[in-house]
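A quick write-up on the structure given underneath.
The values are calculated or read from the model by the stated rules, or taken from the named source; none is laboratory data. A quick note: this is a predicted structure, and the numbers were derived from the prediction, not measured. Cβ coordinates were reconstructed from backbone atoms using ideal geometry, including for glycine residues, and neighbour counts include every protein chain displayed.
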Amino acid sequence: MISALIGSVIMSAVTVAMLIAINVTDKALTKVGRYPLTNEEKEILIDAGFSLADIENINQEIELINFD
């Protein structure tokens, strides 16, 4: 009887740990590819003739990307 109780507690703990792992992974995957432009990328865009307003628009568009 006690072993069944201990087993059910262990199963519950493992289930909660799996759900937490899935949640963390899901949050990480939603942020993939949504990082703002680096300084090197901004320099490349400025050298290509883009203005600072254009670069800010690009950063805003990156934040709005939906990967569903």
Notebook entry, point to check: Taking into account only those residues within the range 48-68 that are surrounded by 10 or more Cβ atoms within 10 Å (Cβ to Cβ) and among the aliphatic types (A, V, I, L, M), which is nearest to Lys31 (Cα to Cα)?
Noted result: Ile62
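Report whether or not Ile20 is surrounded by 10 or more Cβ atoms within 10 Å (Cβ to Cβ) and under 24 Å from Asn59 (Cβ atoms). Quick ask: steps written out before the conclusion?
Working: surrounded by 10 or more Cβ atoms within 10 Å (Cβ to Cβ): yes; under 24 Å from Asn59 (Cβ atoms): no.
No, not satisfied.
How many residues, within the range 27-47, are assigned to a helix (DSSP H, G or I), under 22 Å from the mean Cα position of the chain (by Cα) and either at pLDDT 85 or above or exposed (fewer than 10 other Cβ atoms within 10 Å of the Cβ) (or both)? If you could, list the steps in order and put the result at the bottom.
Of the range 27-47, the ones assigned to a helix (DSSP H, G or I) are 27-30, 39-47.
When the remaining residues are screened for being under 22 Å from the mean Cα position of the chain (by Cα), the result is 27-30, 39, 41.
Checking the rest, the ones that are also either at pLDDT 85 or above or exposed (fewer than 10 other Cβ atoms within 10 Å of the Cβ) (or both) come to 27-28, 39, 41.
Number of matching residues: 4.
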Next item on the list: State whether the residues of the range 38-61 include one that is in contact (Cβ under 8 Å) with a residue 24 or more places away in the chain and aliphatic (A, V, I, L, M).
Entry: no
